[in-house]
Protein chains: 2
Amino acid sequence: MVNMRDVAHRAGVSIATVSFVLNGTKPVTAATRARVEQSMADLGYRRNVVARALASRRTHIIAMAYPALDHKFGFSAAEFFTSAADAARKQDYHLVLWPVGNDGSELTELVGQGLVDGVVLMEVQLDDPRVAVLQKTATPFALIGRTSALEGLSHVDIDFDRTVEDAIGYLHGLGHRQLALISGNLNDPLFSTYGPYVRSEAAYRRVAPEYGLETVVLECSGSSLAGQDAMARLVRDHPDTTAVLIVNEFAALGAVAGLNRLGLRVPDDISVLPLLMAPEMAALTNPALTIMRTPGPELGQLGTEALIRQVEGADPLPPQLVPAKLYPGATTGPPR
Amino acid sequence: MVNMRDVAHRAGVSIATVSFVLNGTKPVTAATRARVEQSMADLGYRRNVVARALASRRTHIIAMAYPALDHKFGFSAAEFFTSAADAARKQDYHLVLWPVGNDGSELTELVGQGLVDGVVLMEVQLDDPRVAVLQKTATPFALIGRTSALEGLSHVDIDFDRTVEDAIGYLHGLGHRQLALISGNLNDPLFSTYGPYVRSEAAYRRVAPEYGLETVVLECSGSSLAGQDAMARLVRDHPDTTAVLIVNEFAALGAVAGLNRLGLRVPDDISVLPLLMAPEMAALTNPALTIMRTPGPELGQLGTEALIRQVEGADPLPPQLVPAKLYPGATTGPPR
């Protein structure tokens, strides 16, 4: 069993210095820290979790809670996650992903063990049981998303109002007068108070009338097949529609394929504009999608920074809302 | 501060029973365990990591190491991850995702803290530095993938030989006599010894001649744009090709879009068959892809079970290779 003495010997430092590095009890130069850590790696020294926990309440690990078994982990989610992991690494933290359910029960078990310094919550619902779990256990946390009661909660989110305003303004400017919003399936209990669906629809219902437009909202689950099916319903029930806004990125991909299969040309017969999508995904359809680009890279970083400031007792980051921005592609054009 | 006495009182059990539940020192009925855990959740009891670590060397947390900042986290990766998380949950473990690099340095820091009972390695390279890190720290681990030296390592993997045999047999049966393999970019140091590329190509070079077929291999990075570009090179340099096998799932999506843009019809002019892809992704192209379906759900589960058996000192699972199976779509047909 390798001990601190072996590490100190190999690194050419005192045992006390090894202890300072391990427990953060005194500052150590970056070079010395690197030498000690290299020696620990070379020797396979296993930090003693007990000693560490006694010496410091910090693990320098933070978790992103993402309900991956219920919410599909797609390209946008991967962007949030990798940008958060990158931001954490730059501040000498490790970010790990916890695929725990949205109801809070598994989260209780994990945070109860005190293994992380804090949690970033993704896929936030308006009434999110995970918030109470984190408050009860006094775990620092930040939301990427917003509950309905935000008082005192550290959060960043997509600016859905601005995103929908910009999207409608853009399509109106191209000449469209018959739009439809393809939103989520609010009868699915997993998504009935899911922020992006609720807030996008509210913004659409507010903004469309300001342009003198009728509102048409179709519900649609978050899958490619559901997106295809939604287009069939749209063409049957609202044949005058010349442009669709779609919230879910998987449904949006299916929508383009679905319109093609219905014999409709995109964008000549109908324009398609997803409200939240990663550019990588936009390249997958033919033609490539015009999208409102999900600000995943920005929000993953901001959410992580908000959490780390809290963990370290620094001044809180003010809440920030970032709009999705128009990213040009070939699925939007003037109406026929 | 809530303590064990409060938990015991609320659950209507003795303090010793709470301790048994917390530390796993004696068996407790599922009903009692559930009552104690519910009381801990209700009261916001924070398990003491120190007490727990002293009482038991187990955390009941296992990690999946996936180099998400270097290897794109796509649909197939999500399938491996969610199936592993599900398998862990069924055995009363939590699986978390560690987005640590493939070089082993970050993994050293995380396993060194003793926070997990074991690690499942994803995106395995033939010579994978992470294996040495886990061996040195005596951390239980299982590979989803294979290094070149496997002696004594717990592993499961895709059966690339069988997958490529089945894929070539299928295309040959349709009448194709001019195939090409679109493999990875082996000049990229992050992928130069990446198992799926190396093993698929080796299998292709072995099997194609058995059917009397010439071998044509094009290198291609793992992105949609690279897949489009590979099709342009293929059509220019090997115009007689009637069917392509593609290893990377992102490149495969780009290949279909690229062929469409080159004015070629899929499958009338050229058939496209990805060797590893999740069905969800196959639905994204037009026409929908015929694929060899990545056995992510099977391997995520098997890899997790292999690890948990090791953690619990049970008999090891024998190594298992699972082939990708043909999953019908509309991008393959007889040659023109």
Report summary line: Of the conditions (1) modelled with pLDDT of 90 or more; (2) within 13 Å of another protein chain (Cβ to nearest Cβ); (3) open to solvent by 10 Å² or more (accessible area, probe 1.4 Å), the single one that A:Gly169 does not satisfy is (2)
**Report entry** Residue within the range B:111-127 that is surrounded by 19 or more Cβ atoms within 10 Å (Cβ to Cβ), more than 9 Å from chain A (Cβ to nearest Cβ) and over 22 Å from A:Leu95 (Cα atoms) present
**Finding:** yes
**Report entry** Among (1) assigned by TED's automatic domain parsing to the domain that holds B:Glu219; (2) surrounded by fewer than 23 Cβ atoms within 10 Å (Cβ to Cβ), the one test that B:Ser154 misses
**Finding:** (1)
Query raised in the report: Just wondering, is there one or more residues in the range A:199-217 that are within 14 Å of chain B (Cβ to nearest Cβ) and either of a type in the set (Ser, Thr, Tyr) or open to solvent by 20 Å² or more (accessible area, probe 1.4 Å) (or both)?
Result: no
**Report entry** A:Glu312 surrounded by fewer than 20 Cβ atoms within 10 Å (Cβ to Cβ), within 12 Å of chain B (Cβ to nearest Cβ) and either touching a Gly at 6+ places or on another chain (Cβ under 6 Å) or farther than 21 Å from A:Arg146 by Cα (or both)
**Finding:** no
Query - Odd one out for A:Gly258, checked against (1) among the small types (Gly, Ala, Ser); (2) in a helix (DSSP H, G or I); (3) open to solvent by less than 20 Å² (accessible area, probe 1.4 Å); (4) closer than 29 Å to A:Asp157 by Cβ - result: (4)
Query raised in the report: Which residue, of A:Gly313, A:Gly333, is free of Cβ contacts under 8 Å to residues at least 60 places away in the same chain and not aliphatic (A, V, I, L, M)?
Result: A:Gly313
Report summary line: A careful count of residues in the range A:134-160 that are assigned to a helix (DSSP H, G or I) and either within 14 Å of chain B (Cβ to nearest Cβ) or in contact with a strand residue (DSSP E or B) (Cβ under 8 Å, 6 or more places away or on another chain) (or both) gives 3
Query - Members of the range B:267-307 found to be open to solvent by 10 Å² or more (accessible area, probe 1.4 Å), within 14 Å of chain A (Cβ to nearest Cβ) and out of contact with any strand residue (DSSP E or B) (no Cβ under 7 Å at 6 or more places or on another chain), listed by number - result: B:Glu280, B:Ala283, B:Asn286, B:Pro287, B:Ala288, B:Pro297, B:Gln301
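Looking at A:Ala8, A:Ala41, A:Ala16, can you tell me which residue is under 21 Å from B:Leu107 (Cβ atoms), open to solvent by less than 70 Å² (accessible area, probe 1.4 Å) and part of a helix (DSSP H, G or I)?
A:Ala41
The values are calculated or read from the model by the stated rules, or taken from the named source; none is laboratory data. All figures in this text were calculated on a predicted structure; none of them were measured in a lab. Quick reminder, even Gly has a Cβ in these numbers, built from the backbone with ideal geometry, and neighbours come from all protein chains shown. When the accessible area is computed, the model is the full protein with side chains, heavy atoms only, and any ligands, DNA or RNA have been set aside. Shrake-Rupley method; radii C 1.70, N 1.55, O 1.52, S 1.80 Å.
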